[in-house]
There are 2 protein chains.
Amino acid sequence: MGAEAVRVSTMEPPPNFEMVDVGIYRSGFPEPANFDFLDSLKLRSIVYLCPEKYPETNVGYLRSRGIRLFHLGTDGNKEPFMTIPKDLITNALSVLLDIRNHPVLIHCKRGKHRTGCLVGCFRKLQNWCLSSVFEEYQRFAGAKSRIADLKYIEMFDVTSIRQCLLGIIYQYHHTCGSQVRRLAYQERS
Amino acid sequence: MGAEAVRVSTMEPPPNFEMVDVGIYRSGFPEPANFDFLDSLKLRSIVYLCPEKYPETNVGYLRSRGIRLFHLGTDGNKEPFMTIPKDLITNALSVLLDIRNHPVLIHCKRGKHRTGCLVGCFRKLQNWCLSSVFEEYQRFAGAKSRIADLKYIEMFDVTSIRQCLLGIIYQYHHTCGSQVRRLAYQERS
């Protein structure tokens, strides 16, 4: 009676949504029902990993919000003949590593296989041990986990990317008295 | 031959590790093998949800790094008689919501049930719809998912906490040209 009801409308994140790191998110394919939630992320870009054309509704949403689409389309890893091109993952990593693209959402169809491979390679760049990289991959892929993806992540060589990262480093940002670790882009002198 | 090998030592995150939001992490019980990784998070505090005493090795680690321990110990939800006390979750949420405690790591034993309940209640505060809250819970609990936990999360009333949150709001921080959404503490005037 005396208490005033606080009415809040709930938001619906895309399937398999999670935060990867500061400014980097992952998910399955976002539907219009997820657009309110995406608004709350204030996205600056999207990395879309399927070969299919981006749906008109989603293109319209991105256009209205000024979100840049990086369409790096590929089929997933399927033995024995299908393999995600290495250059595609390298290009996607360079998008993720450049904080001028943040906040960025990575997505494919289910957020399991292609997204899982990209995030797995990103974790290798972050020096995670392979068993932890695999544990995270499997958490999102669940019963659909693919040995071909695990092999792909293991074999993906991040050495050359590391050597290209001279201008991109981790920095600690001091905001509101707390330390937040994030990727920072530095102009080369 | 000409190429110089870049040697990097890998780090081992605790089991079931993931980022919940800016400044908030979740995991299973951290072992000494995980301390290097925890160092990289620059933690300011830990929310520990098991009733058992914190191991001496972990206490020593926290002390050496100046990390504050919030020991809010409870058994998990087990029907028909065991229920996580509501006050405990309310207290834990107030720790999470105060960015002066960030970066903060939530952990129990496996990072599935108690941690899953706390994160689930946190997502309700963030206005996530219940199906997405459950999907996230199940991603971490896997085959060990408990219906008692899902019921607990559904029934947990966040209205009163919302009313206490007058001084704590979301703000957008502009850092390095990108917008990062995070919880911000504001002193009441």
Could you name the lysines whose alpha carbon sits less than 24 Å from that of B:Lys144, not counting residues in the same chain fewer than 8 places away? A:Lys112, A:Lys144, B:Lys78, B:Lys86, B:Lys109, B:Lys112, B:Lys124
Just for the range B:1-91, what percent of DSSP beta bridges are antiparallel, to the closest 5? 50
What does the accessible area of A:Lys151 come to, in Å² to the nearest 10, when a probe of 1.4 Å is used? 100
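How many partner chain Cβ atoms sit within 10 Å of a residue's Cβ in peptide B:134-143, on average, as a whole number?
2
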Placing +1 on each Lys and Arg Cβ and -1 on each Asp and Glu Cβ in the range B:1-104, then taking the dipole about the Cα centre, the residue among B:Val22, B:Met82, B:Val8 whose Cα reaches farthest towards the positive end is B:Val22
I'd like the mean, over residues of B:31-41, of how many other protein chain beta carbons sit within 10 Å of each residue's own Cβ. 1
Ordering A:Thr10, A:Thr115, A:Thr90 by the accessible surface of their heavy atoms, 1.4 Å probe, largest first, yields A:Thr10, A:Thr90, A:Thr115
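Counting only other chains, what is the mean number of Cβ atoms within 10 angstrom of the Cβ of each residue in peptide A:15-21?
Mean shielding by partner chains, rounded to a whole number: 4.
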Enter the Cα centre distance for the pair the range B:139-162 and the range A:88-106, rounded to the nearest angstrom. 33
Would you check the accessible area of B:Lys109, probe 1.4 Å, heavy atoms only, in square angstrom rounded to 10? 110
How would A:Val59, A:Val104, A:Val8 line up by accessible area, probe 1.4 Å, largest first? A:Val8, A:Val59, A:Val104
Output the relative contact order of the range A:26-75, whole-number percent, from Cα pairs under 8 angstrom with separation of 6+ residues. 45
Expected field for B:Ile84, accessible surface area in Å² at 1.4 Å probe radius, rounded to 10, holds 0
On a 1.4 Å probe surface of the protein chains, which of A:Ser145, A:Ser160 comes out largest in accessible area, and what is the full order? A:Ser160, A:Ser145
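The values are calculated or read from the model by the stated rules, or taken from the named source; none is laboratory data. The structure presented is a predicted model; accordingly, all values stated were derived computationally and were not measured. Please note: Cβ atoms are built from the backbone with ideal geometry, for glycine as well, and neighbour counts cover all protein chains shown. For accessibility, only protein heavy atoms count, side chains too; no ligands or nucleic acids. Shrake-Rupley method; radii C 1.70, N 1.55, O 1.52, S 1.80 Å.
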